[in-house]
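The block underneath contains the structure these notes are about, expressed in C-alpha cells.
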Amino acid sequence: MEGGTAMKVNLSRIQYISDGMTFSEQERNISNALDSGINWIQLRWKHGSEKELYQLAESTRKRSESYDTTFIINDHLQLAKDLDADGIHLGLDDESIQTARAMLGNEKIIGGTANTFQDVLQRIQEGGDYIGLGPLRFTSTKQKLSPVLGFSGYSEIINRLNGENNPYPPIYAIGGIIEQDLQELLIAGVYGVAVSSLIQNDPSAASRMNQFYIQDYVENSR
C-alpha cells in the first residue's frame, strides 16, 4: 500500500510515540511498550529539562538495543547525533529534512510531520524516509492540534499522490487511532500507524496489531 520509493530499512508498521509528563512516566510507558512487542520507539518529551531529556534518551537507546528495536528521537537533532540514534522525526517548524540528512548521514531514518497535501509534497521533495500524516481524529496527547483529516482525508491525499504517478515514502497515520481503525486506514493506502495512548491503555493491543499487519503482508504476497 505504500508508495514506490525503496525503503533503506524494513520500517515497522507500528511506531510507539512516547508519552508522559514526568521522567518516571515516560520511562514506565516506554518499558511497557517494549515489553508488549513494539519494535519502533519514537522518544517525544516536551516537559523535561535538557539534562533529563538526555538521560531519558540515553536509557531508552540502551533498552532499545537490548530489544533490537528501532529508536528515533522527536525534534532534537543534535541529541539524535550525539547518541547515534537510528533516526529522527521532525515537525514542520523544526529543521528541514535536508539539514538533518546532512548532519546524520544517509543511513539514518528521517521522517517528518505533514497535515495537508502540500505538506506531504514538501516532505517528498525533502527526501524523507517516511511521513507522519494526521491527525486522524482529536487526541489529547498533542498540543496545538491541526485540523483532523478523518479517513476521507487520508484517501483523498493518497489518491492524489497515486494519480500523479510519483513515488512517495511510507505514510503513517497519527492522532487518536484505535485498533478498529487499522483496516480502514489500510484500505485508504496508509502504510502504518503511530500511536501513544492505544498501547499505554492496552499493551496487549501491540501483538494483535502486529498480527494484523503480518496477515496483510501474507495475503498480499500470494
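Just a few scattered comments:
- Karplus-derived 3J(HN,Hα), 6.51/-1.76/1.60, for each residue of the range 84-94, Hz, glycine and proline x: 6, 5, 6, x, 8, 10, 10, x, 5, 9, 8
- Approximate spin-label separation residue 152-residue 95, in nm, with each point projected 7 Å along Cα-to-Cβ: 4.0
- The gain in end-to-end length when the residue 164 to residue 116 segment is fully stretched comes to 15.7 nm, 0.36 nm per residue minus the alpha carbon separation.
- Trypsin sites (Lys or Arg not before Pro) within the range 20-91: DSSP coil, no more than 11 neighbouring Cβ in 10 Å: 46
- The chain - Rg over Rh from alpha carbon coordinates, Kirkwood radius: 0.93
- Estimated FRET transfer efficiency (residue 31, residue 202; beta-carbon r; R0 22 Å; 0.05): 0.90
- The convex hull built on the alpha-carbon positions of the range 101-216 has an orientation-averaged projected area of 8.1 nm².
- The chain, helix-only ellipticity at 222 nm - DSSP H runs n ≥ 4, -39,500 (n - 2.57), divided by all residues, nearest 500: -13500 deg cm²/dmol
- Ellipsoid fit via the Cα gyration tensor, the range 169-222: semi-axes of 19, 14, 8 Å, each the root of five times an eigenvalue, largest first.
- Under 14 Å from a label point set 7 Å out along the Cα-to-Cβ vector of residue 137, the amide N atoms of the range 183-222 belong to 183-185, 197-198.
- Ranked packing of 185-191, 126-132, most packed first, by mean Cβ within 10 Å: 126-132, 185-191
- The GluC sites (Glu not before Pro) of the range 151-204 that meet both conditions, a loop assignment by DSSP and at most 15 other Cβ atoms within 10 Å of the site Cβ, are 164.
Where a number appears in this text, it was derived from the coordinates with a stated rule and is not lab data. Keep in mind it's a predicted model, so treat the numbers as computed, not measured. Virtual Cβ from ideal backbone geometry, glycine too; neighbours counted across all protein chains shown.
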